[in-house]
Amino acid sequence: MIHAQKNYSISQKELDKYTQLNDQETRLKEYKDDKNALLLKLNQLAHINASRQQHQKPPVQLDILASRVANKTAQEAARENFMGHFNLRGEKPYHRYAFAGGTAHVSENASALSSSDLLPSTPNDITKYMQQAHNAFMAEQAPNDGHKQNCIDTNHNYVGIGFSLHKEQFRYYEEFLDKYVTFNKTKSFYRKNETIKISIKPDHNKYLHMILVYYEPFPTAMRISSINKQMKYDDYTKDLVHKVLPWQLPQTNAEGISELEFSFDKKGLYYLQIYLDNTAFTTGKASTKNKIQASGIVIQVR
């Protein structure tokens, strides 16, 4: 069944807020949304939050950087006619967001629409395509409802929205974020055995619980046929190279900041996962279950 698109009321205050954030963001400027695209995304944000409200979940805000990362992926996918969670360089969602400068944890939903004819491209058509994609996510049934569960995850507090229409192809991406940690600025890459120092400050009423670091080699180019076969992506690797348990965590200073220090002797990528809890750890078994994975930092060692 095809439903007509919904148009939500966007206040001038909300539009002004996101226009200012959009103008202030300097990263990936070539994928910046114009005013019309931003309005379409704020309408889609309201649609996503309506779904979350139906499931008693808090609303998410629009993340400008994640939206530009999603725009870049959507444009490439529509132009080259592929779909899924990888790009032609073999990058996963957390690679793309981290390489653009993002530090939060990202969970991606991806959708594709193809036609034998040119797809109509009016604002109403774009709205319809995006809402139909999101509605398809929400229509999933357990146990095959990973996209739906991503849409309504309690811990998500931001989302990036990206879309692209190219001739007969439309691509749509939702990049849900868990953004609860402030990090100091880190370098784009490090050398082998170089000391890496990262300052982290969890949001108020969030507490460090565990830190995991996964190693992986640099991504390699993928064929379109291979991308289209990969319907899922792993948010970790099989090579866990570092673990900091609750009783091993560094001390927090008076400003709530903890200092992490690493060094790695192998070239490649190191995916830093920082787990938070709503209460401070006292005693008992350490586990990542029901914790917030709040880091998307990927350290490049060359």
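A few notes on this one:
- In order through segment 166-183: 3J(HN,Hα) via Karplus (6.51 cos²θ - 1.76 cosθ + 1.60), integer Hz, x for Gly, Pro: 9, 6, 9, 10, 10, 10, 9, 9, 10, 10, 7, 10, 10, 10, 10, 10, 9, 10
- Whole-Hz couplings from phi, Karplus 6.51/-1.76/1.60, listed for segment 47-60; x for Gly and Pro: 5, 4, 5, 5, 5, 5, 5, 4, 10, 6, 10, x, x, 10
- Annotation: aspartates and glutamates with alpha-carbon distance below 18 angstrom to LYS201 (same-chain offsets under eight excluded): ASP178, GLU255, GLU259, GLU261, ASP277.
- Violating pairs (Cα-Cα greater than 32 angstrom) within the set LYS206/LYS229; LYS167/LYS232; LYS128/LYS229; LYS13/LYS167; LYS92/LYS192: LYS206/LYS229; LYS13/LYS167
- Taking amide H atoms as placed 1.01 Å from N in the peptide plane, the amide H of THR182 lies under 5 Å from those of LYS201, ASP203, each 5 or more residues away in sequence or on another chain.
- Extending 7 Å from the Cα toward the beta-carbon at both TRP247 and LEU15 defines two label points whose distance is 5.8 nm.
- On Cα atoms only, tilt of 123-138 relative to the major axis of the chain in degrees: 50 degrees
- Projected label distance in nm at THR182 and THR26, using a 7 Å step from Cα toward the beta-carbon: 1.9 nm
- Residue by residue, segment 151-164 carries 3J(HN,Hα) couplings of 4, 10, 4, 4, 7, 5, 10, 9, 8, x, 10, x, 8, 7 Hz when phi is fed to the Karplus relation 6.51 cos²θ - 1.76 cosθ + 1.60 (θ = phi - 60°); x denotes Gly or Pro.
- Taking segment 3-71 and dividing mean pair separation by its residue count, relative contact order in percent (alpha carbons under 8 Å, at least six apart): 41 percent
- Each principal axis of the Cα cloud of segment 12-178 was evaluated for its coordinate range; sorted largest first, these ranges are 41, 40, 33 Å.
- The base-10 log of I(q)/I(0) for segment 1-45, evaluated at q = 0.32 Å⁻¹, reads -1.25 [Debye formula, identical scatterers on Cα atoms, solvent excluded].
- Mean separation of Cα contacts under 8 Å, 6 or more apart, over the residue count of segment 12-178: relative contact order %: 32 percent
- Top of HIS47, HIS242, HIS156 by mean-square fluctuation, Gaussian network on the chain, Cα under 10 Å: HIS242
- Mean-position separation - Cα centroids, segment 218-248 and segment 19-54, in angstrom: 28 Å
- Rounded to 10°, Cα long-axis angle of helix 12-24 versus longest principal axis of the chain: 60 degrees
- Calculated [222 nm] ellipticity per residue, helices only, for the chain: -9000 deg cm²/dmol; basis is -39500 (n - 2.57) per DSSP H run with n ≥ 4, divided by all residues, nearest 500.
- Rg and Dmax of segment 180-295, both derived from C-alpha coordinates alone, stand at 16.2, 53 Å.
- Segment 97-158 and segment 254-302 have Cα centres separated by 27 Å.
- Each Lys and Arg contributes +1 and each Asp and Glu -1, all at the Cβ; summed about the Cα centre of segment 12-178, the dipole is approximately 160 debye.
- Using C-alpha pairs under 8 Å with a sequence gap of at least 6, the mean separation divided by the residue count of the chain gives a relative contact order of 21 percent.
- Average projection, convex hull of the Cα set of the chain: 17.1 square nanometres.
- Between THR288, ALA70, ILE161, the Cα set farthest toward the positive side of the dipole of the chain (charges on each charged residue's Cβ, about the Cα centre) is that of THR288.
Read-outs: derived from the displayed coordinates by stated rules, not from any lab. Quantities reported herein were computed from a predicted structural model and do not represent experimental measurements. Heads up, the Cβs are rebuilt from the backbone with ideal geometry, glycines too, and the neighbour counts pull from every protein chain shown.
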